[in-house]
Amino acid sequence: MYRFEQVSQLYDEKSALVDLSFSVSSNEFVGIVGKSGSGKSTLLRLLNLLEAPTRGKLYLENREVVTLSAREKQQMKEKIGMVFQQFNLLHNLTVAENIALPLKLSGQKETSVVTSLLTFVGLEQKAHAYPSQLSGGEKQRVALARALVRKPELLLCDEVTSALDEEYADEVLRLLQKIHTEMDVTIFFVSHDLAAVKKTCSRILVM
């Protein structure tokens, strides 16, 4: 369960969020839509534990965030996967190496999970290719595989189709639906594109 209770977030006395309250059950696929400046990015920073609420209470997995120790917070961060609009791939690493990077950074050995994720996202033939050799849709599929490599419980998607043309965007949306169907993960899909959110999400929150 993920729950906001009258959460407000202030920056230099300016409100980014005001008295936001909602709850999301585990394994839901939730769309967050709103115009630029409505607080979508702030919401993601809170969910990603990059910030704590100025006011109100935020619960992740039924734990109030401000009560977590530094170690507990780090452990919870490891259960969160994040995908961005601009892919954020390392261009000097192959597709397989990009996917394996979170494992490497946490001192884990690369395992068969990288191979299985390559198959899951339909890029097994591109394992040794570099990002410059991929289409936009393929790059975003690599980014999704990388976000899933540590088997997160929460997947945050920030405008992941906004930089793609319609064909590649549809590929990514179908992949998100597949992730939701086949993996034990809660998905927050933030977008300004209401049509994309309607196409994929089981529930929509409007900011």
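Structure data summary
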quantity: Selected residue (only one of Val113, Val142 is under 29 Å from Ser36 (Cβ atoms), in contact with a Lys or Arg (Cβ under 9 Å, 6 or more places away or on another chain), hydrophobic (A, V, I, L, M, F, W, C) and not in a loop (DSSP other than H, G, I, E, B)); calculated: Val142
quantity: Residue pairs meeting the criteria (Cβ under 6 Å; at least 6 apart or on separate chains; first under 21 Å from Leu155 (Cα atoms), in the stretch 64-78; second assigned to a strand (DSSP E or B)); calculated: Glu64/Lys57; Val65/Leu58
quantity: Those residues of the stretch 19-63 which are among the charged types (D, E, K, R), outside any loop (DSSP other than H, G, I, E, B) and either within 18 Å of Thr186 (Cα to Cα) or in contact with an Asp or Glu (Cβ under 8 Å, 6 or more places away or on another chain) (or both), in sequence order; calculated: Lys40, Arg45, Lys57, Arg63
quantity: Unique residue being open to solvent by 70 Å² or more (accessible area, probe 1.4 Å) and either touching a helix residue (DSSP H, G or I) at 6+ places or on another chain (Cβ under 9 Å) or under 22 Å from Ser25 (Cα atoms) (or both) when the list is Lys139, Lys151, Lys126; calculated: Lys151
quantity: Scan of the stretch 1-24 for residues that are in contact with a Ser or Thr (Cβ under 8 Å, 6 or more places away or on another chain) and open to solvent by less than 60 Å² (accessible area, probe 1.4 Å), ordered by number; calculated: Tyr2, Phe4, Val7, Ser8, Gln9, Leu10, Ala16, Leu17, Leu20, Val24
quantity: Condition met for Pro102 (under 30 Å from Leu17 (Cβ atoms), open to solvent by less than 40 Å² (accessible area, probe 1.4 Å), touching a Lys or Arg at 6+ places or on another chain (Cβ under 6 Å) and not basic (Lys, Arg)); calculated: yes
quantity: In the stretch 164-195, the residues that are open to solvent by less than 50 Å² (accessible area, probe 1.4 Å) and in contact (Cβ under 8 Å) with a residue 40 or more places away in the chain; calculated: Leu175, Leu176, Val185, Thr186, Ile187, Phe188, Phe189, Val190, Ser191
quantity: Options Leu89, Leu148, Leu175; residue that is within 16 Å of the chain's Cα centre (by Cα) and under 18 Å from Val197 (Cα atoms); calculated: Leu175
quantity: Filter pass, Glu61 being open to solvent by 30 Å² or more (accessible area, probe 1.4 Å) and on the phi > 0 side of the Ramachandran plot; calculated: yes
quantity: Test result for Thr111, crowded, with 17+ Cβ neighbours inside 10 Å, more than 19 Å from the chain's Cα centre (by Cα) and either within 20 Å of Ala143 (Cβ to Cβ) or modelled with pLDDT under 90 (or both); calculated: no
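The values are calculated or read from the model by the stated rules, or taken from the named source; none is laboratory data. Just so it is clear, the structure is predicted and the values come from calculations on it, not from any experiment. Counting neighbours? That spans all protein chains shown, and the Cβs are built from the backbone with ideal geometry, glycine included. When the accessible area is computed, the model is the full protein with side chains, heavy atoms only, and any ligands, DNA or RNA have been set aside. Shrake-Rupley method; radii C 1.70, N 1.55, O 1.52, S 1.80 Å.
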